[in-house]
Amino acid sequence: MTETTRRRHPVRALALLLLAALAVYFVTGYVRSLFLESSHVALTLQSRSGQTGAVRIAQVSDLHRAVYGEDNSELVALIASKYPNLIVATGDMIDVRTEGIDECVDLFARLRKIAPVVYSLGNHEVERPDLRALVEALEDVGVLVVDGNVVTVEAGGLSLRIGGLYRAEYLPQLEDDGAVDILLCHFPDKLRIFAENGVPLTFCGHTHGGQFRIPLLDIALYAPGQGWFPEYTTGLYEQDGSYMIVSRGLGNSSFPFRIHNPPEVVVADITYVSAL
């Protein structure tokens, strides 16, 4: 009996060690993910129009029902502190279950005072019955909403053509009389389509950074539309000269928390140089 008990001790010790490691992973990861942060991307692109110069773009995405400070004052202050020339939103800035649109519209009215704002739709906006009212209210406060169309924005001394899509598959239908400089698309799982259509730079969201991430390795566990260990969840990606920036987003949807996955504002410094 004593010998049998002794044989079980290493297994029990290993189980306790594993449970302790999981507890540390979840607790530290949860606490880490409570704090809003900014991430930085620097990218040099060849100018299509002959313009040269630099623009700083702040990207916000997937706020859902999250709030940072009273009336999102911390979020606004963080963006303002980065002095962007342009702010882009890549969808799900309001949750489908949120009652009313006033908080979302008020947030973007304040962001519009910092820099021009271009807003592309996500699945939560598209599913709202008051989508048209939301779009009109955003436009009333000076936000440019792109949904299958292209707008021209003056930012950082450059004239940029910015298009917006709900899904990459709609790219061939984009109303456009020329190539876009920047595309906003909520779903990031179709970099191949962006590359095939010669889009130089796309901003995306939707994945919430994979929700759970493995620290040190910085691997995401799961993302909708991409499944387990998804490829496109955060940062900069490239295929055949087409670049894609994916935001981890700011909030949560049906799943209520993140692990080792802090919410973020992406700050992208884009430099346009003459083509050789």
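The values are calculated or read from the model by the stated rules, or taken from the named source; none is laboratory data. On a predicted model such as this, the values are computed, not experimentally measured, just so you know. Cβ: placed from backbone, ideal geometry, glycine included. Neighbour counts: every protein chain shown. Side chains are part of the model used for accessible areas, which takes the heavy atoms of the whole protein and leaves out ligands, DNA and RNA. Shrake-Rupley method; radii C 1.70, N 1.55, O 1.52, S 1.80 Å.
Summary of values
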read-out: Output for the stretch 56-88, where each listed residue is open to solvent by less than 30 Å² (accessible area, probe 1.4 Å), in contact with a Ser or Thr (Cβ under 8 Å, 6 or more places away or on another chain) and outside any loop (DSSP other than H, G, I, E, B); value: Gln59, Val60, Val88
read-out: Where a residue in the stretch 33-58 is among the β-branched types (Val, Ile, Thr) and its partner, wherever it lies, is assigned to a loop (DSSP other than H, G, I, E, B) and open to solvent by 70 Å² or more (accessible area, probe 1.4 Å), with Cβ under 6 Å and at least six apart; value: Thr52/Ser274
read-out: The stretch 110-119, residues that are outside any loop (DSSP other than H, G, I, E, B) and open to solvent by 30 Å² or more (accessible area, probe 1.4 Å); value: Arg110, Arg112
read-out: Complete set of residues in the stretch 120-134 that are open to solvent by 40 Å² or more (accessible area, probe 1.4 Å) and either touching a strand residue (DSSP E or B) at 6+ places or on another chain (Cβ under 7 Å) or not aliphatic (A, V, I, L, M) (or both); value: Glu127, Pro129, Asp130, Arg132
read-out: Residue among Gly157, Gly148, Gly142, Gly163 that alone is touching a Phe, Trp or Tyr at 6+ places or on another chain (Cβ under 8 Å) and of a type in the set (Gly, Ala, Ser); value: Gly148
read-out: Condition broken by Thr28, with the remaining ones in (1) modelled with pLDDT of 75 or more; (2) not in a strand (DSSP E or B) satisfied; value: (1)
read-out: Count - residues of the stretch 195-225 that are under 17 Å from Leu171 (Cβ atoms) and open to solvent by 40 Å² or more (accessible area, probe 1.4 Å); value: 3
read-out: Residue within the stretch 89-103 that is at pLDDT 95 or above, among the small types (Gly, Ala, Ser) and either surrounded by fewer than 22 Cβ atoms within 10 Å (Cβ to Cβ) or out of contact with any strand residue (DSSP E or B) (no Cβ under 9 Å at 6 or more places or on another chain) (or both) present; value: no
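Results for (1) small (Gly, Ala, Ser); (2) open to solvent by 30 Å² or more (accessible area, probe 1.4 Å); (3) over 28 Å from Thr52 (Cα atoms), shown as yes or no for each residue.
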site	(1), (2), (3)
Tyr232	no, no, yes
Gly251	yes, no, yes
Asn261	no, no, yes
Asp269	no, yes, no
